[in-house]
Every structure is written in structure tokens, then in C-alpha cells.
1. Residue check: is Ile25 part of a helix (DSSP H, G or I), closer than 22 Å to Ile89 by Cβ and without any contact (Cβ under 8 Å) to a residue 60 or more places away in the chain?
2. Limited to the stretch 98-124, what total is found for residues that are without any contact (Cβ under 8 Å) to a residue 24 or more places away in the chain and either touching a strand residue (DSSP E or B) at 6+ places or on another chain (Cβ under 8 Å) or aliphatic (A, V, I, L, M) (or both)?
3. Would you point out which residue out of Val74, Val80 is open to solvent by 30 Å² or more (accessible area, probe 1.4 Å), modelled with pLDDT of 90 or more and closer than 30 Å to Val103 by Cβ?
4. State all residues of the stretch 1-22 that are closer than 18 Å to Gln127 by Cα, of a type outside the set (A, V, I, L, M, F, W, C) and not in a loop (DSSP other than H, G, I, E, B); if no residue qualifies, say none.
5. Does the stretch 96-105 contain any residue that is buried (at least 17 other Cβ atoms within 10 Å of the Cβ), assigned to a loop (DSSP other than H, G, I, E, B) and of a type outside the set (Phe, Trp, Tyr)?
6. May I ask you to verify whether Asp65 is assigned to a loop (DSSP other than H, G, I, E, B) and modelled with pLDDT of 90 or more?
7. From the residues in the stretch 28-47 that are surrounded by fewer than 14 Cβ atoms within 10 Å (Cβ to Cβ) and part of a strand (DSSP E or B), which one is modelled with the highest pLDDT?
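The values are calculated or read from the model by the stated rules, or taken from the named source; none is laboratory data. Computed from a prediction, not measured in an experiment: that's the story for all the values here. For neighbour counting, all protein chains shown are included, and Cβ atoms are generated from backbone atoms with ideal geometry for every residue, glycine included. Surface areas here come from the heavy atoms of the whole protein model, side chains and all, with no ligands, DNA or RNA. Shrake-Rupley method; radii C 1.70, N 1.55, O 1.52, S 1.80 Å.
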Amino acid sequence: MANDIIKGMGFHHIGLKAADFQKSIKFYTDLGMKEIVRWGEGEKEIVMFDLGDGGRIELFANGGDEFSENGKFVHFAMKVDDVEKAYEIALAAGATPHIAPKVVPLDSKPEKISINIAFVKGPDGEQLEFFKEV
């Protein structure tokens with residue numbers, strides 16, 4: 001569904017600050033994401049990954065444990081074909097289990113839908129959701 005107010009609007013990327021930059025790079029690479037561009041160096045290094053459908057993650061070095069002055073995010077969701085398989089791959093890559101795969105019927109409008117979801121925590125405690133409408 002296209003946005004009729006701001007033409008061409010769609011998801012591009014989410015930015016994440018990594019406490020252990022190399023560990024996070026390995027984690028996202030192990031999930032199958034491809035590095036598409038990198039710039040800066042040392043504590044100012046940034047790398048951008050493609051999720052596989054054009055959506056991106058922008059990973060910042062020197063994230064530490066503090067929250068950004070711009071706030072924090074709750075989670076970021078990635079649509080997948082197989083939620084259970086994505087969950088297993090993430091755990092094998094070093095993610096921490098958060099919410100095991102489950103199907104959730106929603107009392108949604110205008111029609112009732114069900115979603116298959118699972119959550120893991122990445123190297124910096126960031127919540128990743130694997131999502132599929134069923």
C-alpha cells in the first residue's frame with residue numbers, strides 16, 4: 001500500500017549502536033545480511049547491511065551501554081518466510097532467546113489475522129522480531 005501523503009515513503013533502515021562492533025558485524029553477517037557500505041574508522045566507524053529485500057541496518061561502532069539522547073527503540077521486525085527457521089539461525093549465530101516462535105491470532109479490523117512471531121536479543125540486547133502473517 002503506497003503512502004498517498006508522502007510519495008515514495010517506505011522502510012529504509014534502522015540505526016543500532018554496537019558496544020562490541022566486531023561481534024555485532026559477525027552476528028548480522030551470520031544471519032545472512034550483506035555488508036553494502038562502510039565508512040569512518042575506529043570509534044566513528046559505521047557499516048550498513050542489507051536485510052535481503054532492500055531494508056537496511058546501519059551499525060555504529062562505540063555504542064557502549066548508554067542510551068542515545070535520541071531515545072531508544074523497542075525492537076525491529078524482519079519479515080521472513082519461516083519464523084521458526086529464522087529463530088534457530090539467530091540462536092546459532094549467538095542471539096539470546098527472548099520469545100519462542102508462536103502464532104498469535106489478532107482481534108484486528110477490518111479483518112481478523114494471525115501472525116507468526118519470535119523474538120531474540122542481539123549482541124547489544126537489541127530485540128529482533130521475526131514476523132510472518134499467516
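1. For Ile25, the condition - part of a helix (DSSP H, G or I), closer than 22 Å to Ile89 by Cβ and without any contact (Cβ under 8 Å) to a residue 60 or more places away in the chain - is met.
2. Residues in the stretch 98-124 being without any contact (Cβ under 8 Å) to a residue 24 or more places away in the chain and either touching a strand residue (DSSP E or B) at 6+ places or on another chain (Cβ under 8 Å) or aliphatic (A, V, I, L, M) (or both): 10 in total.
3. Going through Val74, Val80 in turn, the sole match is Val80.
4. His13, Gly15, Lys17
5. Taking every residue of the stretch 96-105 in turn, none turns out to be buried (at least 17 other Cβ atoms within 10 Å of the Cβ), assigned to a loop (DSSP other than H, G, I, E, B) and of a type outside the set (Phe, Trp, Tyr).
6. Criteria not met by Asp65.
7. So the residue we want is Lys34.
Per-residue answers, yes or no, for (1) closer than 25 Å to Val134 by Cβ; (2) aromatic (Phe, Trp, Tyr); (3) open to solvent by less than 30 Å² (accessible area, probe 1.4 Å); (4) within 17 Å of the chain's Cα centre (by Cα):
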{"position": "Ala2", "(1), (2), (3), (4)": "yes, no, no, no"}
{"position": "Gly10", "(1), (2), (3), (4)": "yes, no, no, yes"}
{"position": "Phe21", "(1), (2), (3), (4)": "no, yes, yes, yes"}
{"position": "Phe49", "(1), (2), (3), (4)": "no, yes, yes, yes"}
{"position": "Ile89", "(1), (2), (3), (4)": "yes, no, no, yes"}
{"position": "Pro110", "(1), (2), (3), (4)": "yes, no, no, no"}
